[in-house]
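Accompanying notes for the structure given below.
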């Protein structure tokens, strides 16, 4: 109803009668848009947005526009991972898509829900259900790299389609970068969420951040220890420094040893090398070089 109709109904005295003139169509349909952009790996990253009320500009015509341009940009790139784009009605659309594509969706680990990206307010992001997941770390790193002040909203059971994609059957870790997040601006779900509230400049700025986040996702390297029970006997693999020089190439044998020990401690198949490098304050390139050595020795396995 319009705002005027709402005010009239609100001011009415006594009960109101509502007639729902509808019928159930057994041969009905639910429109969903999808696009799979293949990469070098068949491992997929999910990018989803909702199309159910495009008359609201920030929530979520802005998200639909950004997602379309995001797909256009990725189609021009050589990609490491494959990207599955979904345009669907919120809630029921995501549920229907998961039901029709259960096997595929259960194989996806992470993704992005694009929503509310065109407002004039500050940037924020909603964390995934597992706040230790690397997608949260990378999202925050994008803001820090760009020197953008941002707000962080922890995962909760209210929101967009992360509710479906992160449910027990799928457990996809997703984040959402917003500019005027849903629930948080006064025009939310009103007729004033219009083209005077959003503008192209804000959407483009949000698009740039999503592209930077995808660039970071493309560079994610995750290793898992094949010998996780206690410390590895490194000398058995020719990796322990000896008197007179180090077996592992490097100027400082003890530094190389430290990198090996840190990698064996943290490479659990979940924490990325980026996260480890930040946690122990060591250069990423040194960690990656050492991880490849451990992979050749069948001590680590690269899973991403």
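Read-outs throughout are calculated quantities, based only on the coordinates presented, and are distinct from any laboratory measurement. This is a predicted model, so every value here is computed, not measured.
What the table shows:
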| item | result |
| --- | --- |
| Share of alpha-carbon pairs per 10 Å distance bin for the chain, given as whole % | 5, 23, 27, 20, 13, 6, 3, 1, 0, 0 |
| GNM top mover of 234, 207, 217 - the chain, alpha-carbon springs below 10 Å | 234 |
| Percent of beta bridges antiparallel (DSSP, the chain, rounded to nearest 5) | 45 |
| Rg over Rh [alpha-carbon atoms, Kirkwood Rh] for the range 157-288 | 1.19 |
| Average Cα contact separation per residue, the range 27-218, under 8 Å, 6 or more apart, as relative contact order % | 29 |
| log₁₀ of I(q)/I(0) at q = 0.19 Å⁻¹ - the range 175-228, Debye sum with one point per alpha carbon | -0.79 |
| Mean projection area, nm², convex hull over Cα of the range 131-235 | 10.4 |
